[in-house]
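Student: Quick one: structure below, then a few questions.
The values are calculated or read from the model by the stated rules, or taken from the named source; none is laboratory data. Not measured: the values here are computed from a predicted model. Note: ideal-geometry Cβ built from the backbone for every residue, glycine included; neighbour counts use all protein chains shown. Side chains are part of the model used for accessible areas, which takes the heavy atoms of the whole protein and leaves out ligands, DNA and RNA. Shrake-Rupley method; radii C 1.70, N 1.55, O 1.52, S 1.80 Å.
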Amino acid sequence: VHASVSHTAGGKPAEPAVAVPLPVPGLASRRVLVMDFIPGTPLNKMAAVLEERGIKPGSPESELAGRRILAQLTEAFGRMMLGAGFIHGDPHPGNIFLMEGARVALIDCGQVKQISTDFRLKLAQAVLSVDEWQQTGGSPELVQRAKESMAEFGVT
């Protein structure tokens with residue numbers, strides 16, 4: 001996962017989109033894996049932390065924080081899905097941390113999935129169809145293409 005978020009979708013090295021802990025050398029075995037410590041607050045506890053800091057839900061500050069978090073996660077998952085194809089398989093709010101400086105971290109990379117190139121291409125086409133829908137307001141032809149695209153994922 002670390003390598004996936006540290007490269008562009010085209011495979012070029014880049015600043016990691018999010019922090020990901022790495023194994024501590026010499027402290028891994030078949031039964032135990034010690035990872036870097038990630039200081040931060042789980043996303044599912046952020047509302048309380050923001051309230052403690054006097055930031056109310058829906059305020060401009062909380063909206064900005066939400067956009068920053070979403071931008072980092074979008075970049076990270078975009079790189080994972082459309083680049084190497086290795087994705088974090090358990091991205092629930094307890095595994096997404098917010099670190100100092102509004103930096104996002106993904107922890108607990110024990111569930112990882114590799115998606116095939118064919119699947120990544122289908123996913124990219126689906127994303128492009130959604131973008132086209134947003135740009136144009138849709139059309140009957142676009143609805144049909146979207147249905148066909150979703151059927152390839154098993155969605156009917």
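Student: Out of the helices (runs of 4 or more DSSP H) lying entirely within the stretch 44-156, which hold 3 or more residues that are touching a residue at least 24 places away in the same chain (Cβ under 8 Å)? Break it down into steps so the answer makes sense when it comes.
Tutor: Details: elements: 46-52, 60-79, 117-136, 140-152.
Once the helices (runs of 4 or more DSSP H) in the stretch 44-156 are filtered for at least 3 residues that are touching a residue at least 24 places away in the same chain (Cβ under 8 Å), what remains is 60-79, 117-136, 140-152.
Student: Please go through the stretch 128-142 and pick out each residue that is at pLDDT 85 or above and of a type in the set (A, V, I, L, M).
Tutor: Answer for the stretch 128-142, where residues must be at pLDDT 85 or above and of a type in the set (A, V, I, L, M): L128, L142.
Student: Only residues that are outside any strand (DSSP E or B), without any contact (Cβ under 8 Å) to a residue 40 or more places away in the chain and out of contact with any Pro (no Cβ under 6 Å at 6 or more places or on another chain): list them for the stretch 17-36, please. Can you show your working first?
Tutor: Taking the stretch 17-36 as the starting set, the residues that turn out to be outside any strand (DSSP E or B) are 17-18, 20-22, 29-32, 36.
After this cut, where a residue has to be without any contact (Cβ under 8 Å) to a residue 40 or more places away in the chain as well, the list is 22, 29-32, 36.
Matches in the stretch 17-36: L22, S29, R30, R31, V32.
Student: Can you find a residue in the stretch 2-12 that is aliphatic (A, V, I, L, M), open to solvent by 40 Å² or more (accessible area, probe 1.4 Å), part of a helix (DSSP H, G or I) and in contact (Cβ under 8 Å) with a residue 12 or more places away in the chain? Break it down stepwise before answering.
Tutor: The first filter runs over the stretch 2-12 and keeps only residues aliphatic (A, V, I, L, M), leaving 3, 5, 9.
Filter again for open to solvent by 40 Å² or more (accessible area, probe 1.4 Å), leaving 3, 9.
From what's left, part of a helix (DSSP H, G or I): 3.
Checking the rest, the ones that are also in contact (Cβ under 8 Å) with a residue 12 or more places away in the chain come to 3.
Yes - at least one qualifying residue is present in the stretch 2-12.
Student: Return the residues of the stretch 105-117 that are within 13 Å of M81 (Cβ to Cβ) and either acidic (D, E) or open to solvent by 40 Å² or more (accessible area, probe 1.4 Å) (or both); say none if nothing qualifies. Spell out the reasoning first.
Tutor: Taking the stretch 105-117 and keeping what is within 13 Å of M81 (Cβ to Cβ), we get 112-117.
Selection gives V112, K113, Q114, S116, T117.
Here is a yes/no grid of residues against (1) open to solvent by less than 40 Å² (accessible area, probe 1.4 Å); (2) closer than 25 Å to A14 by Cβ; (3) of a type outside the set (D, E); (4) under 17 Å from the mean Cα position of the chain (by Cα):
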{"residue": "E61", "(1), (2), (3), (4)": "no, no, no, no"}
{"residue": "H92", "(1), (2), (3), (4)": "no, no, yes, yes"}
{"residue": "E132", "(1), (2), (3), (4)": "no, no, no, no"}
{"residue": "V143", "(1), (2), (3), (4)": "no, no, yes, no"}
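Student: Here is a list of conditions, (1) aliphatic (A, V, I, L, M); (2) surrounded by 14 or more Cβ atoms within 10 Å (Cβ to Cβ); (3) closer than 22 Å to G11 by Cα, and A71 meets all of them except one; can you say which number that is?
Tutor: Result: A71 fails condition (2) only.
Student: Pull up the stretch 20-59, narrow it to residues that are of a type in the set (D, E) and out of contact with any strand residue (DSSP E or B) (no Cβ under 7 Å at 6 or more places or on another chain), then point me to the one that is surrounded by the most Cβ atoms within 10 Å (Cβ to Cβ). Talk me through it step by step, then tell me what you get.
Tutor: Just the residues of the stretch 20-59 that are of a type in the set (D, E), to begin with: 36, 51-52.
Pick out the ones that are also out of contact with any strand residue (DSSP E or B) (no Cβ under 7 Å at 6 or more places or on another chain) and you get 51-52.
On the way: E51: 12, E52: 8.
Among those that are of a type in the set (D, E) and out of contact with any strand residue (DSSP E or B) (no Cβ under 7 Å at 6 or more places or on another chain), it is E51.
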